[in-house]
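Report on the following structure.
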């Protein structure tokens with residue numbers, strides 16, 4: 001077996017195991033007490049599992065050097081953005097992290113920058129598949145950032161509810177200022193631009209989108225699970241509807257686009 005085939009098989013196996021761990025953590029979370037230690041542990045399990053799944057899929061698709069460079073750059077850059085955000089209020093608004101999530105780097109929980117890469121690359125690949133023949137660097141960056149921001153429509157209400165971070169002023173959307181989502185979109189543009197350079201998307205010979213099916217599946221699964229979770233288990237239909245309207249159209253178009261491809 002050559003090195004590329006071995007890498008692909010090993011990465012696929014690691015991604016499958018990490019994905020199963022992520023799924024199990026997501027299912028278990030609403031069954032435990034809100035704000036409790038067990039949920040804090042599961043938050044770390046879910047983010048690390050998702051990061052590992054995305055990284056394994058990136059290694060299978062682009063190779064270890066490119067995947068490592070993209071993961072390290074995204075984590076480092078978003079740690080800096082989060083640190084600036086807590087100090088200045090830009091670009092997300094005034095907020096502070098509590099001490100609930102440990103360990104922390106520069107007062108930023110270590111799992112936070114992992115989450116940016118964990119969902120950033122699936123969001124880019126979902127955008128690539130959804131766009132199809134219209135996929136180019138500009139459209140991917142914009143739609144990919146919008147798809148990533150849509151995930152925060154679920155993430156922020158859940159994490160604020162757990163007490164992991166606190167906003168200085170209560171906002172309109174479950175206590176979250178609407179400017180936070182603009183900050184996510186702007187930051188997402190930078191993440192997507194970096195992914196374009198470090199993990200260039202694949203295309204078919206006719207120029208149409210050849211998005212990675214596993215990464216598209218990650219985004220679609222997350223959108224579906226979060227929608228069901230908030231509607232059924234967290235009992236918050238507002239977040240279920242708003243987040244679902246944000247993620248599911250892109251996810252659905254991506255799945256259809258990938259199946260057609």
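Counted residue by residue at 0.36 nm each, then reduced by the alpha carbon distance between them, the extension gain from residue 241 to residue 90 reaches 51.6 nm. Working from label points 7 Å from Cα in the Cα-to-Cβ sense, the residue 168 to residue 248 distance is 3.7 nm.
For segment 1-76, averaging the sequence separation of C-alpha pairs within contact (under 8 Å, six or more residues apart) and dividing by the residue count gives a relative contact order of 38 percent.
Computed over segment 68-260, the P(r) curve from all C-alpha pair distances, binned at 10 Å from the origin, holds 10, 36, 36, 16, 2, 0 percent per bin.
Among 162, 226, the ranking by other beta carbons within 10 Å of each residue's beta carbon, starting with the fewest, stands as 162, 226.
Calculated mean residue ellipticity, 222 nm, the chain: -24500 deg cm²/dmol, from DSSP H runs (n ≥ 4) at -39500 (n - 2.57) each, averaged per residue and rounded to 500. Subtracting the Cα-Cα distance of residue 34 and residue 196 from their residue separation scaled by 0.36 nm leaves 54.5 nm. Using Cα atoms only, what is the angle between the long axis of helix 237-260 and the major principal axis of the chain, expressed in degrees (0 to 90) to the nearest 10? The angle comes out at about 0 degrees. Once the Cα atoms are used to define both axes, helix 213-228 deviates from the longest principal axis of the chain by about 30 degrees.
For segment 9-55, the mean projected area of the C-alpha convex hull, equal to one quarter of the hull surface, is 2.8 nm².
Among 22-34, 203-215, 45-57, the peptide with the highest mean count of other Cβ atoms within 10 Å heads the list, and the full ranking is 45-57, 203-215, 22-34. Gain on full extension, evaluated as 0.36 nm per residue between residue 9 and residue 203 minus their Cα-Cα distance, stands at 67.6 nm. Take every Cα pair under 8 Å whose residues are at least 6 apart in sequence, average their separation, divide by the length of segment 68-260, and the relative contact order is 28 percent. On the beta carbon distance between residue 72 and residue 107, with R0 = 22 Å, the FRET formula returns roughly 0.60.
None of the figures in this text is laboratory data; all of them are computed from the coordinates on show. Since we're looking at a predicted model, the values are computed, not measured. Cβ coordinates were reconstructed from backbone atoms using ideal geometry, including for glycine residues, and neighbour counts include every protein chain displayed.
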